[in-house]
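Asks: Quick one: the structure is below, questions incoming.
Throughout, read-outs are computed from the coordinates displayed, never taken from laboratory work. If you're wondering where the values come from, they're calculated on a predicted model, not measured in any experiment. Note that we place each Cβ from the backbone using ideal geometry, even for glycine, and neighbour counts take in every protein chain shown.
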């Protein structure tokens, strides 16, 4: 599956063109192709006077290069972790003449507004109902996880194997890597558990996709998911351990793995239902409305 952030940008450009805005994806070099995305206008290295350029949070170098161009500059932040990892010392977006920022979660917005005092605007992140939906009430004994964010998975599996080899041998652990989004979604729909062991996420969109499929999310809130993932209480929608603590995660997973092997998952129904409720506001319609409202208000200033 391609980068979720880039997919989000393609969708934004598709929506804007649908509503009559002159929007395009800007790539540096000819020939770049991103599969599984809507067909949108693409420009290659061409910026015109009076353009509004939207720069992802992980590209402060581009912000610096464009800071004195006769254009307007917005930023879009889909993850909190890149914000200050990529910035040079003693600089923030105000030094690059960034006017305002779009964000996909209140957590990211608060960080930007608190640290840089730049106006932030929440754009809803919609889920693709044609790919992510609850198709199986009896799922396979699969645990799926994103391979590029799975540095801790081997250690977790070794602990679980030592406890009970069946947790590894009787359950299929599926690394998600180099799949088309169609194939990625098909695995998520059939998986009983989606394992999130990333230590830094923005909206935890992969967890929301899994919840929308009725798949149990287990792992970390990745700091950025603290407002979305609930590991206890009446609203519990996931099985959580403190981010980075794969030892406690092994302990927390055991009751779920026992039931997965036995085939009796009835006690997890409430968590699955709460997960589905968590995703209800993340519709394509809500994303489209929030995005169009933003651009209608701020593109003509």
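Asks: List 7, 266, 238, 180 from most exposed to least, where exposure is judged by having the fewest other Cβ atoms within 10 Å.
Replies: 266, 180, 7, 238
Asks: Taking a ≥ b ≥ c as the square roots of the Cα gyration tensor eigenvalues, with a/c under 1.5 meaning rounded and otherwise prolate when a/b beats b/c, else oblate, which class fits segment 39-78?
Replies: oblate
Asks: Still on this model: Just how many % of Cα pairs in segment 71-144 lie over 16 Å apart, if you round to the nearest whole percent?
Replies: Tail fraction, whole percent: 59.
Asks: Does segment 24-135 classify as rounded, prolate or oblate by the C-alpha gyration tensor (a ≥ b ≥ c root eigenvalues; a/c under 1.5 gives rounded; else a/b over b/c gives prolate, otherwise oblate)?
Replies: oblate
Asks: Which one is right for this structure if volume of the Cα convex hull per residue in Å³ is calculated from it: (i) 115; (ii) 173; (iii) 136?
Replies: Here the calculated entry is (iii).
Asks: Could you put 155, 82 in order, starting from the residue whose Cβ has the fewest other Cβ atoms within 10 Å?
Replies: Fewest-to-most Cβ neighbours within 10 Å comes out as 155, 82.
Asks: Computed over the Cα atoms, what is the radius of gyration of segment 1-83 divided by 2.2 N^0.38 Å, N being its residue count?
Replies: Details: Rg = 12.9 Å, N = 83, 2.2 N^0.38 = 11.8 Å.
For segment 1-83, the normalised Cα radius of gyration comes out at 1.09.
Asks: Any idea how far the Cα center of segment 79-106 sits from the one of segment 222-301, in Å?
Replies: About 26 Å separates the Cα centre of segment 79-106 from the one of segment 222-301.
Asks: Ok, one more. Among 294, 145, what is the fewest-to-most ranking by other Cβ atoms within 10 Å?
Replies: Listing 294, 145 from fewest to most nearby Cβ atoms yields 294, 145.
Asks: Cα atoms only, segment 140-278: Rg and Dmax in Å?
Replies: 13.6, 37
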